[in-house]
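Worksheet: the structure to be examined is printed underneath.
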Amino acid sequence: MEKNLLKSTFNDKTFLKNLFSLAMPIAFQSLMVSLVGASDTIMLGSLDQYSMAAVSLATQLQFIQNLTLSGIIAAFHVLGAQYSGKEDRKSVNMVLCMTLRICLVVSALTFLVCFSFPHVAMRIFTNVEELVKIGVGYLKIASFSYLISGISQCFLAQIKLGKNTKKVATISSIAVVLNIALNAIFIFGLLGFPKMGVRGAALATVISRVVELVLSTIECWKDKKIRPDLGKLFAFDRVLSKDYVRQLLPLLGAYLVWTLGISSYSAFLGHMGVDASAANSLALTLRNLMLSFTRGLAGGASILIGYELGSGNTERAKVYGDRLSILSVLSGILTALLVIISIAPALMIVELSEEAAAYFISMSLILALYVIGASYNSVVINGMFASGGDTLFDCYSIIVAMWFVAIPLAALGTFVFHWPVAAVFICTCLDEVGKIPWTLHHYKKYIWVKDLTKTF
């Protein structure tokens, strides 16, 4: 059965072509975004591990915002993909406007916290005063990028929904290349600019986000098929709003509890000293880079299956789901191998103390197992389940696996039992591995195979 499924998966050229035409640009976009964090880590790590650790902790607030925006936009993709499959442009635009309103509020709140209360925000993640001081300098500048990112993410999501994922990847690539280049210029003081260190990294982020917003806005307005009708920005449709909120609340809840959980992991390791925090910063950078293809696969799965469900092709959606499950496991195994291969090059690039380097090696070996579970769960839960509106599972599975198991154990290991750094890091990885049997059982119920559209 499994061999036949594997064979049929790779023999269906139409399925693979449609999937990878969506997934690869999304994966490339994810990789390019991750490269910004990697460039920050590498360049600041070449200065000193205090700068690297401080910015890693400071960007946890951006991480929370980005994942919150991702949850909001995921709700847009759930309904948007199905109505696009039904060719109902009016409903797609109404859902986009609802999404844009919420993203604007989230972006404004994040900016207010980071710009007005940076000391309070930094002390959530570390009690090391030197790290707090460096992080505050970063946040005061970077906060302006948080103010505009919600708008650009909505426009990029609209372009992606029009199946023009290549254009999204191009826009993101331009912004990322610019960010990396400006990082080097501002951090090290090249081309006659003053050496700014972490403040230079923050300024580079702001400029690149402005460029991304301009490019995404131009692209949206160029294509009449996806051009937003912002005259409906404050319009209200009771039926669509109800459907949107029904998808949004579980997705947003899942993204928020997961994001806060991941940030708490960084906070635990941040309280275990600079070496542990620096090693964790590099390990998370490696994880984000290595999981880029998985995110692309999940994004492609969500759009591909959403179109099939919206078109009424439920049996084909089931077949595609089985094939995507196989691909997610293969992707996880390949990613695990890449993590192991990347350990030595990473240590050659970044300056770490001997103790921090030892922490990083153990963390990376643990990550090699973690990414297999993360790959399967991401594609199945965030791709397939979400495409059919089965969004509640993600929320309660995270609450149980992360907040009832992983976080309490990591907190006890950090503050009560004073476990070794590697043992605490293992606790932070238990959630993805523990969810696999539960996710597989839920998948076989096929609750996610559902057409959510309505006729207006």
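Skip the ligands, DNA and RNA, and give the accessible area per residue of the range 209-266 with a 1.4 Å probe, whole Å².
With the other protein chains kept in place, the range 209-266 gives 52 Å² per residue.
Suppose R0 equals 22 Å; then what is the FRET efficiency for T314 and F10 from their Cβ-Cβ distance, rounded to the nearest 0.05?
Numbers: r = 23 Å, r/R0 = 1.07.
Efficiency at R0 = 22 Å is approximately 0.40.
Which length gain, in nm to one decimal place, applies between V245 and F117 when the Cα-Cα distance is subtracted from 0.36 nm times their residue separation?
Numbers: separation 128, 0.36 × 128 = 46.08 nm, distance 3.08 nm.
Stretched fully, the V245-F117 segment lengthens by 43.0 nm.
Would you please give the FRET efficiency between K17 and K90, computed as 1/(1 + (r/R0)^6) with r the Cβ-Cβ distance and R0 = 25 Å, to the nearest 0.05?
So the FRET efficiency works out to roughly 0.25.
Summing -39500 (n - 2.57) over the DSSP H runs of n ≥ 4 in the chain and dividing by its residue number, what mean residue ellipticity at 222 nm do you reach, to the nearest 500 deg cm²/dmol?
Helix contribution divided over all residues of the chain: -27500 deg cm²/dmol.
Rounded to the nearest whole Å², what accessible area per residue is found for the range 6-153 with the 1.4 Å probe?
On the way: 5530 Å² over 148 residues.
Ligands and nucleic acids excluded, the figure is 37 Å² per residue.
Would you work out if the range 358-419 is rounded, prolate or oblate? Take a ≥ b ≥ c from the square roots of the eigenvalues of the alpha-carbon gyration tensor; rounded if a/c is under 1.5, else prolate when a/b is larger than b/c, oblate otherwise.
Oblate, since a/c reaches 1.5 and b/c is not below a/b.
Leaving ligands, DNA and RNA out of it, report the carbon-plus-sulfur percent of the accessible area of the range 118-182 at a 1.4 Å probe.
66 percent
With a cut-off of 8 Å between alpha carbons and a minimum separation of six or more residues, what is the relative contact order of the range 183-301 in percent?
Relative contact order, the range 183-301: 8 percent.
Rounded to the nearest percent, how much of the accessible area of the range 246-378 (1.4 Å probe, protein heavy atoms only) is carbon and sulfur?
Carbon plus sulfur share of accessible area: 69 percent.
Given contacts defined as C-alpha pairs under 8 Å and at least six residues apart, what's the relative contact order of the chain, whole-number percent?
Relative contact order comes out at 24 percent.
Could you check how much of the accessible area of the range 48-89 is carbon and sulfur, as a whole percent, using a 1.4 Å probe?
48 percent
From the list (i) 29.2; (ii) 20.9; (iii) 26.1, can you say which value of mean projected area of the Cα convex hull in nm² was derived from the structure given?
Label (ii) holds the value from this structure.
Rounded, prolate or oblate: which one fits the range 120-221, using the alpha carbon gyration tensor with axes a ≥ b ≥ c (rounded when a/c is under 1.5, else prolate when a/b beats b/c, else oblate)? Please list the in-between numbers first.
Values: a/c = 3.08, a/b = 1.66, b/c = 1.86.
Oblate, since a/c reaches 1.5 and b/c is not below a/b.
The values are calculated or read from the model by the stated rules, or taken from the named source; none is laboratory data. Just so it is clear, the structure is predicted and the values come from calculations on it, not from any experiment. Glycine also receives a Cβ, built like all others from the backbone with ideal geometry; neighbour counts cover every protein chain displayed. Please note that ligands, DNA and RNA were not included when accessible areas were found on the heavy atoms of the full protein model with its side chains. Shrake-Rupley method; radii C 1.70, N 1.55, O 1.52, S 1.80 Å.
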